[in-house]
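Q: My questions all concern the structure below.
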Amino acid sequence: MLARGAALRRRPRLLLTGLAALAFALALLRPALPWPTAIGSTLLVLDITQSMNVADARWQGRMVTRLAYTRELLRRVLQQLPCGHRAGLAVFTERKTMLLMAPVEVCAHGAALDDTLGGLDWRMAWAADSHLFYGSYSALDEIERRWPGSTLAFFTDGDQAPALTPGREPRYERHAGTPAGVLFGVGSETPQPVPRMDADGRITGYWSAEDTAGFASPGAPTLSVADMERMARGEDVRNQAQRPEGAGASHLSQRQDAVLAAVARATGLQLRVATDPDTVVDALLALPGTQTGSRRIELHGPLVVLGALALLASLLPAPRRRRQAPAPAEAAPPSLPQPTT
């Protein structure tokens, strides 16, 4: 009986040890389950003009610059995009979108993408102007020429500098091959001064109305007199001011939703506010051109955890059964005295 009881107590320990060995052996094979998911290819473009140095964006409870916010946001976005999705990086300033990294698979090249993002800085800009219409057109043309079928994600505050004359927006010829994409607005809706910074990134002052007054507005008349008069509905525009109405506050910066909406209408891009990584990821995976791919759900980690727990459980001391104390013997009834004869 004692040997049988000891064998029964060892049986759970043996089962747990066998389970741990099986889990560790399967983990060495690195098994995975296929899981259907939407994947595509996206060029991520960051605005690095001076207005992106305004610190009016909140990240993890503290105020940071719009550019720093966009960098950290995209780091989370790249971590959340499914394996198989391809992402590239580019920057925008003046009239041009400049490619930094062609679209690559986000899981295999995640470290390279993260390192490139961390190095993005406003000092990479080669000019101070911000002609957003031309920048977005440049990005779309680049995608169509080099990666047909890819999409665009353009992160900007929409701040045109110098301010654009209404009605003089450059046109974009959309066609069947025009890439799809999203314009993501960054920054608050409250006007803020734009800092002037030295080469070390220290604020030396702020742009004033006097500083910006000397910059002519893009879209100033460059056509013939007849064309200019037709654009102005019959008025002679040769002597009109070169700055649009309301440009007196162009030294202040905010998220320009009206400008973003105008660019979206011209290009066919969708318009969103970059509030959090989930919003960005959902918008990208919902764009036309994404395909249903197979994502590998790795089982290596769960198997290792299961094996470790089973092994630890097998090392725990087995609970001992409490021995029941023997029942006290019943006392014999007292004997009656025997009668004497």
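Q: Given the Cα-Cα distance of ASP278 and LEU14 and 0.36 nm per residue of separation, how much length would full extension add, in nm?
A: Roughly 90.4 nm would be gained on extension.
Q: Could you calculate the contour length gain from ALA258 to ALA102, that is, 0.36 nm times the residue separation minus the distance between their Cα atoms, to one decimal place in nm?
A: Value of the extension gain: 53.1 nm.
Q: Same structure, new question: Quick check for me: using +1 on Lys/Arg Cβ and -1 on Asp/Glu Cβ, what's the dipole size of the stretch 58-166 about its Cα centre, in debye to the nearest 20?
A: In debye, rounded to 20, the stretch 58-166 gives about 220.
Q: Hey, got a sec? Which chymotrypsin sites (Phe, Trp or Tyr not before Pro) in the stretch 89-133 land in a DSSP loop and have at most 14 other Cβ atoms within 10 Å?
A: The qualifying sites are TRP126.
Q: Can I ask one more? Along the positive direction of the dipole of the stretch 3-160 (beta-carbon charges: Lys, Arg +1; Asp, Glu -1; about the Cα centre), which of LEU29, GLY40, PRO82 reaches farthest?
A: Result: LEU29, furthest along the dipole toward the positive end.
Q: Another question about this same structure. Find the centroid of the Cα atoms in the stretch 252-280 and in the stretch 59-125, then give the distance between the two in whole Å.
A: So the two Cα centres are separated by 17 Å.
Q: What number comes out for the charge environment of GLY289, summing +1 per Lys or Arg and -1 per Asp or Glu over other residues with Cβ under 13 Å away?
A: 0
Q: Kindly put TYR206, TYR69, TYR172 in sequence by how many other C-beta atoms sit within 10 Å of each C-beta, fewest to most.
A: TYR206, TYR172, TYR69
Q: Tell me, SER51, SER188 in order of fewest to most beta-carbon neighbours within 10 Å?
A: The order, fewest Cβ neighbours first, is SER188, SER51.
Q: Continuing with the same structure: Where does each of ARG66, ARG196 land when they are ranked from fewest to most other beta-carbon atoms within 10 angstrom?
A: The order, fewest Cβ neighbours first, is ARG196, ARG66.
Q: What spacing in nm lies between the two simple spin-label points modelled at GLU298 and GLN192, each 7 Å away from Cα in the Cβ direction?
A: 3.8 nm
Q: Between GLU144 and LEU316, what length comes free when the chain is fully extended (0.36 nm per residue of separation minus the Cα-Cα distance, one decimal in nm)?
A: Full extension of this stretch gives 55.6 nm more.
Quick note: the coordinates plus some simple rules give every number you see, no bench work behind them. All values reported here derive from a predicted model rather than from experimental measurement. All Cβ positions, glycine included, derive from the backbone under ideal geometry; neighbour counts span all protein chains shown.
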